[in-house]
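Shown next, in structure tokens, is the structure this report addresses.
The values are calculated or read from the model by the stated rules, or taken from the named source; none is laboratory data. Computed from a predicted model, the values in this text were never measured in an experiment. Just the protein is used for accessible areas: all its heavy atoms, side chains included, with ligands, DNA and RNA removed. Shrake-Rupley method; radii C 1.70, N 1.55, O 1.52, S 1.80 Å.
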Amino acid sequence: MAEYGLLERLGPHDLAFIVRTTTRRRTDYETVERIVRENPDFLETLLDDDALFRRVISDGEILLKISPFLYFTVLIRRAHRDLKQTPFTLEPGPAGRLPVFDAREAAAFLDDPDVQVYLAEALSSFVRTRSYTIYERAARGPRRKRWSFSDLRVFDLLDLADRTPEAARFPVYKRIGDLCLYLTGITPDHVVRHPESGSVRGARALGAGGGRQDQVLMSLSDYEELGSRFYRLASRSEAAARAGYEAILALLADHFPLARKPLNLISEQYIAWLPGTRPAGSPPPDPPAAPA
């Protein structure tokens, strides 16, 4: 995770956007960009600039101008700062939101720069979601079975993991963890109001659901448990060690409820929710469905 810094992770136009938004007394923007590239520590200060935060949350077309990684990095860094200044977070539930005095713990969790980077990258992956179609050879005869799945549906991903050879499951395990974090962090009210159901074929095979029924419902706590479990499985993969994700995934597995707290704050206070619209960069999940 620490192999590349923030500067290397920015999109091609991000630095110019940052400099032009935060520079007040100079107009030689290209010179300022060069200074920041030569002194990457300066970037930390610019990312926390109030003018940058205000522009990011007020521009309805912001994701046409900057990368999703920069967008979510700015929001996560502001959440880190705000969590340090409040004693509690608001936990969604069937009866409404209740205060939980864990804000300082959540802020301390974000003290780790690798956590901030991982959360920004994970959230960025949900700006554009994908559906896939796989053709499998039938048990008998030459015909092939068509199977479609979405990477925004937990039960589809569980089924996909079940169909994937053990040695190649790391990206699916990681995606399941990321999706559970996204759902409980960015759309927790949707999860509370609309518990989702799906086939337990993959869940049963992977030890992720009860095996006595054909359908299972997913509550907020179910997503937390599932996300933690699959982050743990992903962290133990050889592929995670090779990619440098072993430590951060294990940390997320250990502290999943804390990891979603800054995301809750982002969803509640920074991302504009308007009647009939979607939060910027955060399309709500489609209703889960059993694989065809």
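So the values come out like this:
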{"item": "Carbon + sulfur, % of accessible area of the range 1-45 - ligands and nucleic acids excluded, 1.4 Å", "result": "48"}
{"item": "Within the accessible area of the range 67-147 (1.4 Å probe), percent carbon and sulfur", "result": "52"}
{"item": "Per residue, in Å², the accessible surface of the range 1-159 once ligands and nucleic acids are set aside, probe 1.4 Å", "result": "57"}
